[in-house]
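Colleague: Before we start, here is the structure in question, set down as structure tokens.
The values are calculated or read from the model by the stated rules, or taken from the named source; none is laboratory data. As the structure is a computational prediction, the values presented were derived from the model and not from experiment. Don't worry about glycine lacking a Cβ; one is built from the backbone with ideal geometry, like all the others, and counts go over all protein chains shown. Please note that ligands, DNA and RNA were not included when accessible areas were found on the heavy atoms of the full protein model with its side chains. Shrake-Rupley method; radii C 1.70, N 1.55, O 1.52, S 1.80 Å.
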Amino acid sequence: ADGILTFTVSLPGPVANDRPRRTAMQRQIIDALQVIPGVTGVAFANDLPLDGCCFTTTIFPEGQPMERRSDPRTSVMMTSPGYFEVLRMPIRRGRQLSEKDTSEDLIAVVINDAASRHYWPGQDAIGALGRFGGPDGNRFQVVGIVGDVKNDGLGKPTVAEIYLPSAVTRVETMSVVMRASVPPATLVPAARQAIRGIDPEQ
């Protein structure tokens, strides 16, 4: 947590509901914050660790028994590229999400160790396929596995978690994380100015 500044930005309704406008504004915000002196990394997600679990879904791994589905819940995180790097979450296997992960037909996802152990015990989950919400839901493929974080409070076990690219999901309220080489609080005025330069109503 050292060296991290976090805050939220809620996109205007018409922008949030329009995928091209939403992704463009999110990209503008990231780019504007990234060039502030002292900033070494910027990303965003729909939520942050430690806040308590979470937006959840049920997932159905292809080729697995029905009882392997969410037990009792799987946390869903919508993240921008670079999120794991900024928070220094270790990539166990596979890769991070990238700007190229924009397909809605086969959604590229990253899962945490807890999800890997639950849904694909005793096997490598990289390349595994599954569906959200039911056997006929949106299809996804696991491209990476990251280490667990405390996503349901410090005193509870980590909940199984799946990370989706923000480009293919609706993130209206962005929980922004900025890593800095200077005291993070000193970046607040510049961050406010950068965001208002993109949307004066923020």
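Colleague: Within the accessible area of the chain, what % is carbon and sulfur when the probe is 1.4 Å and the other protein chains stay in place? If you can, show how the numbers build up before the last one.
Modeller: Values: 4880 of 9850 Å².
Carbon-and-sulfur percentage of accessible area, whole number: 50.
Colleague: Less than 14 Å Cβ to Cβ from Ile29, Lys/Arg counted +1 and Asp/Glu -1: what total charge do the surrounding residues give?
Modeller: On the way: positive: Arg21, Arg22, Arg27, Arg192, Arg196; negative: Asp31, Glu172, Asp199, Glu201.
Net charge around Ile29: +1.
Colleague: May I have the extent of the alpha carbons of region 81-202 along their three principal axes, as whole Å values ordered from largest to smallest?
Modeller: On the principal axes, region 81-202 reaches 48, 34, 24 Å in Cα extent.
Colleague: For region 71-124, with every protein chain kept in place, what is the accessible area per residue (1.4 Å probe, Å²)? Provide the component values of the computation, followed by the final result.
Modeller: Working: 2760 Å² over 54 residues.
I get 51 Å² per residue for this part.
Colleague: What number comes out for the charge environment of Pro12, summing +1 per Lys or Arg and -1 per Asp or Glu over other residues with Cβ under 15 Å away?
Modeller: Once all neighbours under 15 Å are counted, the net charge is +1.
Colleague: Mind telling me which of Gln28, Gln64, Gln141 comes out most flexible in a GNM of the chain, alpha-carbon contacts under 10 Å?
Modeller: Result for the chain, Cα springs under 10 Å: Gln64 fluctuates most.
Colleague: Also, I was wondering about something else. Counting Lys and Arg as +1 and Asp and Glu as -1, what is the net charge of the other residues whose Cβ lies under 11 Å from the Cβ of Glu104?
Modeller: Here the charged neighbours net out to 0.
Colleague: Which value, to two decimals, describes the C-alpha radius of gyration of region 1-146 once divided by 2.2 N^0.38 Å?
Modeller: The reported ratio for this selection is 1.12.
Colleague: Here's something else I'd like to know. Name the long-range amide H neighbours of Phe7: under 5 Å, sequence gap of 5 or more, or other chain; modelled H, no Pro or chain starts.
Modeller: Val176
Colleague: Taking a probe of 1.4 angstrom, what is the accessible area of Thr158 in Å², to the nearest 10?
Modeller: Roughly 40 Å² of Thr158 is accessible to a 1.4 Å probe.
Colleague: Right, another one. Relative contact order, percent, of the chain when contacts are C-alpha pairs under 8 Å separated by at least 6 residues?
Modeller: 36 percent
Colleague: To the nearest 500 deg cm²/dmol, what mean residue ellipticity at 222 nm is calculated for the chain from DSSP H runs of n ≥ 4 alone, each contributing -39,500 (n - 2.57), summed and divided by the residues?
Modeller: Value at 222 nm, helices only: -5500 deg cm²/dmol.
Colleague: Sticking with this structure for a sec: Sequence-distant or interchain residues sharing an amide H contact under 5 Å with Gly137, placed H: which?
Modeller: Under 5 Å from the amide H of Gly137: Phe132.
Colleague: Let me check the size of region 63-149 from its C-alpha atoms; what are the radius of gyration and Dmax in Å?
Modeller: 12.7, 36
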